[in-house]
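Quick note: the coordinates plus some simple rules give every number you see, no bench work behind them. Predicted model, so just to flag it, every value in this text is computed and none were measured. Glycine gets a Cβ as well: all are built from the backbone with ideal geometry, and neighbour counts include every protein chain shown.
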Amino acid sequence: MSAPAWEEKALCRERNVDFAPELAAKRYAARAKEVCRACPVTSPCLAAALAEERGLSSHFRDTVRGGLTPRERAALDRSQRQKENS
């Protein structure tokens, strides 16, 4: 299975940024988010992360994706699901 076409344009593929969860300290997350802010495919990256991780707690999410940390994506996911159910 090949990667989605948008992944080819992701800046994190070109830059030396470590998005690893064990390095999710604030300074690493800040650096990763800086790359995401300049990335042309932040929106599809975030959409893919939210779709893949739907319903998971932040403990089961890894790395900065789409400009958000695992905790931020978990909160956004909860909010979106609450809106769908109301």
Over the Cα atoms of the chain, Rg to Rh with Kirkwood Rh, two decimal places? 0.98
Using each residue's phi in segment 63-74, evaluate 6.51 cos²θ - 1.76 cosθ + 1.60 at θ = phi - 60° and report the 3J(HN,Hα) Karplus result to the nearest Hz, with x for Gly and Pro. 6, 7, 9, x, x, 10, 6, x, 5, 5, 5, 5
Of the residues ALA51, CYS39, ASN85, the Cα lying farthest along the dipole of the chain towards its positive end, which is defined by charges on the beta carbon of Lys, Arg, Asp and Glu, belongs to ASN85
Placing +1 at every Lys and Arg Cβ and -1 at every Asp and Glu Cβ, with all other atoms neutral, what dipole size does segment 9-85 have around its Cα centre, in debye to the nearest 20? 220
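Given an 8 Å cut-off on Cα distances and at least 6 residues of separation, report the relative contact order of the chain as a percent.
Details: 82 pairs, mean separation 24.1, N = 86.
Worked out over the chain, it gives 28 percent.
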Comparing GLU72, GLU14, GLU52, which has the greatest mean-square fluctuation in the GNM of the chain with Cα pairs linked when under 10 Å apart? GLU14
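Determine the sum of side-chain charges near LEU56: Lys and Arg each +1, Asp and Glu each -1, restricted to other residues whose C-beta is under 14 angstrom from that of LEU56.
Numbers: positive: ARG54, ARG61, ARG65, ARG71, ARG73, ARG78, ARG81; negative: GLU52, GLU53, ASP62, GLU72, ASP77.
For residues surrounding LEU56, the net value is +2.
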